[in-house]
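Scroll down for the structure; my scribbles are underneath it.
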Amino acid sequence: MSVDSVLFSPAALASPLTGPLTPVHPADHIPGWWRSAVIYQVYPRSFRDLNGDGIGDLAGITAELPRLAELDIDAVWLSPFYRSPQRDAGYDVSDYCDVDPLFGSLGDFDAMMAEATRLGMRVIVDLVPNHCSDQHPAFQAALTAPAGSPERDMFIFRDGRGAFGEEPPNNWQSHFGGSAWTRITEPDGAPGQWYLHLFDSSQPDFNWDSRAVHDEFERVLRFWLDRGVSGFRVDVAHALVKAPGLPEWGGRADGSSSDGFPGRDAPMFGQPALHDIYRQWRRILAEYGPDRILCAEANVDPLPRLADWVRPDEMHQAFNFPYLHAGLDVHRMRHVITESLTSLDAVAAPSTWVLSNHDVVRHATRFGYHGHAPRDGDGIGTWDPQPDEDLGRSRAAAASLFMLGLPGGAYLYQGEELGLPDGIDIPDTQRQDPTFARTGGARLGRDGCRIPLPWRAGEPNAGFGHGQDPWLPQPESFARLARDVQAASSSSHLSLYKRMLELRRRLDLGRGSLSWYEDLCTDTSLAFLNGSTLVLLNVGSEPLELPAGRMLLRSSTPPEAGYDAGDMAGAGDPLGSGETVWLEIYIEDTEG
Ligand code: GLC
Ligand code: CA
């Protein structure tokens with residue numbers, strides 16, 4: 001029996017589900033495409049290299065967009081492709097309104113936009129407003145202008161401490177390691193002021209107390225809105241405004257809470273004046289209609305504070321990093337999901353869910369350990385315990401099927417639909433993340449999750465590009481995992497993604513409700529009801545008994561290994577260790 005023929009026929013189903021439910025979140029009827037959207041992150045330099053220089057390009061994205069359309073996603077989000085010296089893979093922008101020649105031209109961008117539109121996908125671009133490149137004309141002008149000038153006022157310049165100004169103005173640390181301050185040489189050759197950079201020294205922070213900075217970014221927003229983008233993913237959205245006087249901070253550089261240093265006290269994050277900036281941006285977006293959105297990369301701690309970023313007149317969405325970091329710990333997952341939905345419902349904002357991006361170890365690798373992965377950011381090395389790739393991939397499938405059953409929006413990172421692992425064996429000389437150099441190699445950095453994608457197994461570089469070697473070496477397993485190989489197999493990771501994304505849309509799970517199904521929430525399993533779909537994850541080492549008489553909609557295990565969509569789960573049918581299923585539940589109409 002095929003799933004399609006019985007999906008909406010409750011007659012095929014058995015008795016109503018019994019057992020206690022804990023309601024958390026009602027179905028969402030508020031208009032807005034993004035509220036339930038699946039948005040796919042494209043990391044341009046690693047997507048597809050069409051001109052053969054070893055680095056992905058916009059023409060490569062255009063060429064492969066039809067493959068993404070097969071995934072039934074709503075939008076793509078592109079990491080930066082703007083003019084940049086590429087010191088932080090494009091997050092160091094020297095011209096916000098142009099394409100870096102490495103990736104193509106504005107004409108290539110327009111062609112990509114047109115193709116996405118033709119295929120029914122929206123495009124979201126990355127906006128990097130906390131800092132620019134030290135090669136940006138505004139920063140170059142600040143270097144040659146005197147202390148106290150309007151040019152310097154666009155950035156955060158201060159005199160140093162100590163008798164000769166030889167000490168940095170405060171103790172803030174860079175995310176990438178080392179001090180967050182660099183001293184300049186003044187135009188007359190004398191050692192001079194210091195400028196703040198929360199990231200690499202090539203990424204000076206803007207001063208958001210300066211009107212000129214506001215004006216510049218309002219221009220940038222309009223530039224890309226005029227070119228048809230549906231919105232912006234806002235880089236380190238919580239960092240733009242710094243506390244007056246730049247007070248010392250002994251907590252973590254990324255602002256997450258540590259002993260004695262709650263993240264909410266960090267003077268460089270989450271300052272109240274930020275919210276006025278986003279209100280103003282939202283007004284600008286609204287001039288272009290109701291469909292343009294802002295998504296915050298706001299790493300705030302604790303989670304309920306995230307709701308402040310998505311109040312009705314601010315951003316539309318924020319990334320849910322606590323969910324990413326919850327791993328497969330069912331207690332943490334439940335806590336994060338409940339807290340996210342409850343706090344975001346209070347401001348009528350949708351939640352988002354994410355498992356991977358270009359800054360963390362891919363989830364197929366993180367889940368390839370029986371205990372904890374050695375790290376979830378900053379890369380795994382050859383001397384670390386090595387992941388079990390097959391285990392990681394099958395648990396990644398379970399984690400993704402669980403996530404895509406949740407109500408709200410979801411973000412996917414390129415290559416996760418192929419179950420790609422991180423690259424681990426990268427020669428030091430090829431590592432490009434500034435974290436590696438700034439920590440003397442102590443932190444490997446994020447190159448491992450940024451390896452160029454495999455498209456076609458039989459082609460050079462697994463079809464990433466036909467010319468020079470890819471900018472990072474592809475692991476040996478990439479050819480086996482190439483998209484064309486997976487597209488030809490109904491039991492592949494890619495086929496699972498296609499099936500679950502298609503059904504998620506058909507059942508409108510993104511707009512659905514969530515109630516915990518307590519009987520199956522144990523120390524090693526987690527179950528919730530979204531409408532009439534029961535989503536069940538088993539992370540225990542033992543199989544779990546499925547509730548009898550339910551129809552199987554999707555399983556994270558390939559059909560031939562378990563049972564197939566449309567099968568009825570009988571009493572005693574087991575859900576294996578590290579598996580997720582979606583089951584169709586008959587709900588009794590209690591209102592009639
Ligand atoms: C964000 C980006 C990261 C970048 C940093 C500085 O966290 O995701 O890749 O290095 O901001 O722009
Ligand atoms: Ca290229």
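Every read-out reported here was derived from the displayed coordinates using simple, explicitly stated rules and does not represent laboratory data. Treat the numbers as computed from the prediction; the structure is a model and nothing was measured. When we count neighbours, we look across all protein chains shown, and the Cβ atoms used for this are built from the backbone with ideal geometry, even at glycine.
Listed values, structure above:
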| quantity | calculated |
| --- | --- |
| Histogram of C-alpha separations across the range 137-196, 5 Å bin width, % | 4, 20, 27, 24, 18, 7, 0 |
| For the range 69-189, the spread of Cα positions along each principal axis, largest first, Å | 64, 26, 22 |
| Computed lengthening from T439 to Q280, 0.36 nm per intervening residue step minus Cα-Cα distance | 53.4 nm |
| Computed [θ] at 222 nm, helices only, for the chain once each DSSP H run of length n ≥ 4 contributes -39500 (n - 2.57) | -6500 deg cm²/dmol |
| Mean separation of Cα contacts under 8 Å (6+ apart) over length of the chain, as relative contact order % | 16 percent |
| Per-peptide average of other Cβ atoms within 10 Å, ordering 300-307, 244-251, 497-504 highest first | 497-504, 300-307, 244-251 |
| Dmax and Rg, reported as Rg then Dmax, of the chain (C-alpha, Å) | 24.4, 85 |
| Cβ-derived FRET efficiency at R0 41 Å, T522 paired with R264, nearest 0.05 | 0.80 |
| 17 Å cut-off, amide nitrogen to a point 7 angstrom out along C97 Cα→Cβ, residues in the range 134-163 | 136-139 |
| At R0 = 30 Å, FRET efficiency that the Cβ-Cβ distance of R332 and A27 yields, to 0.05 | 0.75 |
| Values of log10 I(q)/I(0), in the order q = 0.12 Å⁻¹, for the range 312-454 under a Debye, Cα-only, solvent-free model | -0.52 |
| F223/D390 FRET efficiency (R0 35 Å; Cβ-Cβ; nearest 0.05) | 0.15 |
| Highest-first arrangement of 317-323, 385-391, 339-345, where packing means the average Cβ count within 10 Å | 317-323, 339-345, 385-391 |
| Rg(Cα) / (2.2 N^0.38 Å) computed for the range 267-334, rounded to two decimals | 1.28 |
